[in-house]
Amino acid sequence: MKENKLPKILLIYTGGTIGMVRDEVSGGLRPFDFDNILANLPEARSIHCTLDSYAFDHLLDSSNISPANWVEIASVVRDRYEAYDGFVVLHGTDTMAYTTSALSFMLSGLSKPVIFTGSQLPIGHLRTDAKENLITSIELASLTGEDGQPVVREVCLYFQHELYRGNRCTKINAEQFSAFASPNYPPLAHSGVHLTVDKDLLLPRSYASFSLDTHLETEILMLHIFPGIRAEMVHYLLDYPDLRGVILLTFGSGNAPDSAEFLAAIERVIARDIPVVNITQCIKGAVHQGDYQVSESLLRAGVISGRDMTKEAALAKMMHLLGHHYGVDEVRHYMQKSLRGEVSE
Ligand code: ASP
């Protein structure tokens, strides 16, 4: 970034509540155009940056987001990477943590911020949380250090006064403005009277050059287990012929039923060289296979520990790793290793 030049920020609008209006006929919220957002944010003109925008042709409720849309968002960043100093992505909250996780793996060698935000109430609503979320995201994307370089150089999610690492957070609340949490990694920045960034928590500067990797394997099953889950059903699901990977959402520190029928289904899928990764259903904490007899069986069967990753990060990471046709041993290796700060080593 050149000295004395205003940072150039690109606002990418994908949809979400932030820009929605109420449909007069159905009464439900539906996506609306980008001008509506800017019309409701005259404050944007006072932010110390130059702001441009890019809006998706089809604005999405994020429940309809798919990996193809992740590629679309990441491609907008890639195509304009040199022209801008930072990116703010407006996205629905429902699946935002999946998108931030996916983009964290797809974009490598980032030396600029990519900050996702949205809101629980539309920007035109009297009590909206959109304005603070959007204004502070733009400020964070514009932040430069003494060297004139961006302070944040990773994919993040900003919501309700906290900046989170994108692949460490999860949506926890459908009602309150504090919709997200980062249970296993502290927030990277707080917005109060001052905007305070904890530089020690940020990813270190990457010396690799920036690139976009769009290889994603999507034939993956996320299986949330529960007391009484029928082993026959598990067999049936895992017998899906094109299956390439499984995320098993387990109890506590990685426990699952150890009945012979349930284990047989897991063993059978692993015998087909399909990796199975163990992620806890608990919001905080990590998988420790072997702490209990019931998780020892999973360990013996060859299930891979996902440690303290969120389910969103584990899914995106598996899509990314299998997109490169890695085998079970490579998936096992990389699942334990931090690629973008998504797991504690
Ligand atoms: N359903 C909306 C979405 O995810 C919710 C939101 O934006 O808060 O697009």
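Working ranking of peptides 157-168, 84-95, 194-205, 246-257 by packing, defined as the average number of other Cβ atoms within 10 Å per residue, highest first, is 157-168, 84-95, 246-257, 194-205. Close amide H pairs (under 5 Å, H built 1.01 Å from N) link Cys156 with Val114, Ile115, Phe116, Gly166, residues at least 5 positions away or on another chain. Reducing the range 279-297 and the range 65-139 to their Cα centroids gives an inter-centroid distance of 32 Å. Going by accessible surface with a 1.4 Å probe and the largest first, Val294, Val328 read Val294, Val328. Residues within the reach of a label modelled at Ser338 (point 7 angstrom out along Cα to beta-carbon, backbone nitrogen below 19 Å), restricted to the range 91-110, are 100-110. What a 1.4 Å probe finds exposed on the chain is 50% carbon and sulfur by accessible area, rounded to a whole percent. For Leu60, neighbours were defined as the other residues whose beta-carbon sits under 15 Å from its Cβ, and their charges (Lys and Arg +1, Asp and Glu -1) total -4. Label reach from Ser75 (point 7 Å along Cα→C-beta): in the range 89-131, amide nitrogens under 16 Å belong to 103, 106-107. Check His288: other-chain or 5+ apart residues with amide H under 5 Å from its amide H, H built from backbone geometry? It is Gly254, by chain and number.
What does the charge count near Gly323 come to, summing +1 for each Lys or Arg and -1 for each Asp or Glu among other residues with Cβ under 9 Å from its Cβ? Computed value for this residue: -2. Of all lysines in the structure, the ones whose alpha carbon falls short of 20 Å from that of Lys112, not counting any fewer than 8 places away in one chain, are Lys2, Lys5, Lys8, Lys199.
Taking 20 Å as the straight-line reach from the Cα of Lys171, the aspartates and glutamates in range (excluding those fewer than 8 positions away in the same chain) are Asp61, Asp94, Asp129, Glu132, Glu154, Glu162, Asp308, Glu312, Glu342. For Gly245, the amide hydrogen comes within under 5 Å of the amide hydrogens of Leu221, counting only partners 5 or more places away or on other chains and with H modelled in the peptide plane. Counting 0.36 nm for each residue step from Glu267 to Asp198 and taking away their Cα separation leaves a gain of 20.5 nm.
The values are calculated or read from the model by the stated rules, or taken from the named source; none is laboratory data. Please read all numbers here as calculations on a predicted model, not as lab measurements. In this analysis, Cβ positions are derived from the backbone assuming ideal geometry, glycine residues included, and neighbour counts consider all displayed protein chains. When the accessible area is computed, the model is the full protein with side chains, heavy atoms only, and any ligands, DNA or RNA have been set aside. Shrake-Rupley method; radii C 1.70, N 1.55, O 1.52, S 1.80 Å.
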